[in-house]
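Take a look at the structure below.
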Amino acid sequence: MPLSRWFIVSMALGATVSAEAESDPHSYAEPAVVSVSALALDLNVDFAKRELAGTAELKLHWHDASARTLVLDTRDLKIDKVEAIGSDGKAAAATFKLDARDAIFGSALRIQLKQPAPIVRIHYRSVPEASGLQWMKPEQTSSKKHPFMFSQSQAIHARSWIPLQDTPSVRFTYTAHIKAPKALRVVMSADNDAKHTLDGDYSFSMKQAIPSYLLALAVGEIDVRETGPRTAVFAEPYIVTKAAKEFEDTEKMVAAAEKIYGPYRWDRYDILVLPASFPFGGMENPRVTFATPTVIAGDKSLVGLIAHELAHSWSGNLVTNANAQHMWLNEGFTTYVENRIIEAVYGKDVATMQLVVDDQELHAEMAKMKPAEQLLVTDLKGIDPDEGLSGVPYDKGRWFLRFLESRYGRDAFDPFVRSYFDHFAFQSIITDQFLAYYTDNLAKKFPGKVSQAEIDEWLHQPGVPANAPIAHSVRFDVVDKASSDFLAGKLAAKDIPAKAWVTYEWLRFINALPAKPDLAQMKALDQAWKLTGSGNAEIAFRWYVATVRAGYTDARPQIAAFIERIGRRKLVVPIYEELAKTDDGKQFAIAVYKKAKPGYHPLTQGSVDKALGL
Ligand code: BES
Ligand code: ZN
């Protein structure tokens, strides 16, 4: 939408600030002057050089007719040539300048044009250390036969493999022509064809406009299994069958979400299971969620992660935060919707246990955070958006929405959320736009239910407001009793009634261990329940942190194996941080890290370096 129209719309709404009026602190782009409406990629994937090379064509929409400069985001890209393509289709060389590199934001690419060209074509290459890509040698994959590469663009790493306006306030469609070694499959956040022959020549089209952080690419030995009429699992051969079984309820989840929030708008919902070095749990790349294999526990107990990434199909991919300062609009809504999906598919018991654990962990996390970091709407100027990651946008955001739900009731709140998704579909917004819509469509319709002061407290005050609804799990009553009896020495480890416990019951139990657990009790627990070496990564990493606190060094071989195999930051960084607290622990951690580092993603390397003070 042209800038002028935006301002008219905003003015008509009164004091509402539009996403365009608030600039993105993490991008050099100037979307108010000119914005990208379509991207055409033509890239060759070169594993030997660890390089993507080719061209990106950007279709431009000039809002300021007198402007002649296009500013793009890049990070460590080698720019070989820039051409302006006129309306007659003719290419003419354009001059450009790459600014000095900023450690967080990369380098602005300033392209000088003679006239506002409708298309600009950039010839470029990525570097082997590109922050948004991981290149893996055959030895690092499960079959050890073929190399593997994948992207992770969020928050601001798309700029390390494509020159573009790397801000979620800009949306564009894309096409891509990707050439890769034969025998490998190419997957993108677009229209994947499960039946594509492995000829090394792939073409994609994404017809829905998306923000840059949802651009995604993976290339490797990737097999496919259908799990439903519009769902499939892509994964390395060793795990594809297991993954398809674990994620067999995906269609049920899509249907459950549609029932509350309206039709799924992205045609297919596939899942790509990546190698264990994937630095996140999941990434909501449209049409194909990227996921860590560490959620495959064998009993579907961690599929909440799929519900989460699927939920982003509404909150995030459809209605997008215009910049990371409003991340709660993405992650808080998604965490809320995730829990609703889990409740619909697996029942209230399971959904409630998740809420109770997440509420408790949020409180524990916030206790260590500065007040300014506990706000839902944050000021991230000059701050690396990867550093600003915490449970606040996720769980405080989700809690805020549950608060609204509890006051208005689902009969009113569910249709409101659905209409919010429809109203802002395929737009990027900030909190004020949510609030204006909320005021007109919920608060004014049901006056007296929630005050403005309460809303302000949730959004702009630290901590969790005293009016927050408290979730209670009766299944945890049993766990808590066992835990206090065990810790008091009144119940032997083997007599804990945990035979039928599911993951969340174990998390509750482990979280109740004291700050410095008793060594003999840790040993007894391990003997009775074999927690060390657990195949459930959520249980394992919390348990390993507890073993380090307890000085229970017998667990070290399994800890070493865990952090060497897995690169998911959430699972490994807390272990490194805990180990770094003692000299002996730190020595052990550094020795393990030496072996693990080459297999880690650049993001994980950065986090572990920091945890170990390297
Ligand atoms: N979109 C996020 C991942 C992300 C956030 C990447 C910010 C980079 C910057 C994704 O949806 C997510 O939240 N993943 C979680 C899953 C979990 C909360 C179920 C993760 O990776 O742990
Ligand atoms: Zn998320």
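Points worth noting:
- Residue satisfying condition, being within 14 Å of ligand 2 (Cβ to nearest atom), surrounded by fewer than 24 Cβ atoms within 10 Å (Cβ to Cβ) and at pLDDT 95 or above, within set Leu329, Leu318: Leu318
- Scanning region 517-545 for residues that are closer than 17 Å to Val572 by Cα and open to solvent by 40 Å² or more (accessible area, probe 1.4 Å) gives Gly533, Gly535.
Matching residues to (1) of a type outside the set (Ser, Thr, Tyr); (2) in contact with a Ser or Thr (Cβ under 6 Å, 6 or more places away or on another chain); (3) within 22 Å of Phe562 (Cα to Cα):
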| position | (1), (2), (3) |
| --- | --- |
| Leu274 | yes, no, yes |
| Gly281 | yes, yes, yes |
| Thr289 | no, no, no |
| Asn339 | yes, no, no |
| Ile342 | yes, no, no |
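- Scanning region 509-520 turns up at least one residue that is aromatic (Phe, Trp, Tyr), closer than 18 Å to Asp358 by Cα and not in a loop (DSSP other than H, G, I, E, B).
- Of all the residues in region 355-371, those that are crowded, with 16+ Cβ neighbours inside 10 Å and in contact with a Leu (Cβ under 9 Å, 6 or more places away or on another chain) number 1.
- Enumerated strands (runs of 3 or more DSSP E) restricted to region 113-154, each holding at least 3 residues that are farther than 26 Å from Met283 by Cα and touching a residue at least 60 places away in the same chain (Cβ under 8 Å): 119-125
- Among residues of region 296-324, those that are away from ligand 1 (no atom under 13 Å from the Cβ) and more than 24 Å from Ser534 (Cα to Cα), counted: 3
- The criterion of being free of Cβ contacts under 8 Å to residues at least 60 places away in the same chain, open to solvent by 10 Å² or more (accessible area, probe 1.4 Å) and more than 16 Å from ligand 1 (Cβ to nearest atom) holds for Gly347.
- Residue among Val548, Val592, Val608 that alone is of a type in the set (Val, Ile, Thr), open to solvent by 20 Å² or more (accessible area, probe 1.4 Å) and part of a helix (DSSP H, G or I): Val548
- Among all positions in region 127-136, there is no residue which is over 24 Å from Ala596 (Cβ atoms) and open to solvent by 10 Å² or more (accessible area, probe 1.4 Å).
- Of note, Lys259 does not satisfy the criterion of being part of a loop (DSSP other than H, G, I, E, B) and either more than 14 Å from ligand 1 (Cβ to nearest atom) or more than 20 Å from Lys570 (Cα to Cα) (or both).
- Only one of Glu251, Glu246 that is farther than 21 Å from Ile210 by Cβ, of a type in the set (D, E, K, R) and crowded, with 24+ Cβ neighbours inside 10 Å: Glu246
- Answer residue from region 156-199, given it is of a type in the set (S, T, N, Q) and in a strand (DSSP E or B) and is least open to solvent (accessible area, probe 1.4 Å) among those: Thr173
Here's the yes/no breakdown for (1) modelled with pLDDT under 95; (2) assigned to a loop (DSSP other than H, G, I, E, B); (3) open to solvent by 10 Å² or more (accessible area, probe 1.4 Å); (4) within 13 Å of ligand 2 (Cβ to nearest atom):
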| residue | (1), (2), (3), (4) |
| --- | --- |
| Arg265 | no, yes, yes, no |
| Pro275 | no, yes, no, no |
| Asn285 | no, yes, no, yes |
| Thr289 | no, no, no, yes |
| Thr294 | no, no, yes, no |
| Gly298 | no, yes, yes, no |
| Leu305 | no, no, yes, yes |
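- Where strands (runs of 3 or more DSSP E) fall entirely within region 18-94, those with at least 3 residues that are crowded, with 17+ Cβ neighbours inside 10 Å are at 34-46, 51-62, 69-74, 78-85.
- Any hit, region 149-160, residues being touching a Lys or Arg at 6+ places or on another chain (Cβ under 6 Å) and among the hydrophobic types (A, V, I, L, M, F, W, C): no
- Scanning region 499-508 for residues that are part of a loop (DSSP other than H, G, I, E, B) and open to solvent by less than 40 Å² (accessible area, probe 1.4 Å) yields a single hit, Trp501.
- Residue in region 213-243 that is most open to solvent (accessible area, probe 1.4 Å), counting only those that are touching a residue at least 60 places away in the same chain (Cβ under 8 Å) and part of a helix (DSSP H, G or I): Tyr238
- Tally, over region 576-585, of residues that are within 20 Å of Ala540 (Cα to Cα), open to solvent by 70 Å² or more (accessible area, probe 1.4 Å) and assigned to a helix (DSSP H, G or I): 1
- Only one of the listed residues (Pro138, Pro163, Pro168, Pro147) is out of contact with any Cys (no Cβ under 6 Å at 6 or more places or on another chain) and within 16 Å of ligand 2 (Cβ to nearest atom). That residue is Pro168.
- Test: Asp358 is free of Cβ contacts under 8 Å to residues at least 60 places away in the same chain and among the charged types (D, E, K, R): yes
The values are calculated or read from the model by the stated rules, or taken from the named source; none is laboratory data. What you see is a predicted model; the values in this text were computed from it and never measured. Ideal geometry is used to build each Cβ from the backbone, glycine not excepted, and the neighbour counts take in all protein chains shown. The accessibility values were calculated without ligands, DNA or RNA, using every heavy atom of the protein model including side chains. Shrake-Rupley method; radii C 1.70, N 1.55, O 1.52, S 1.80 Å.
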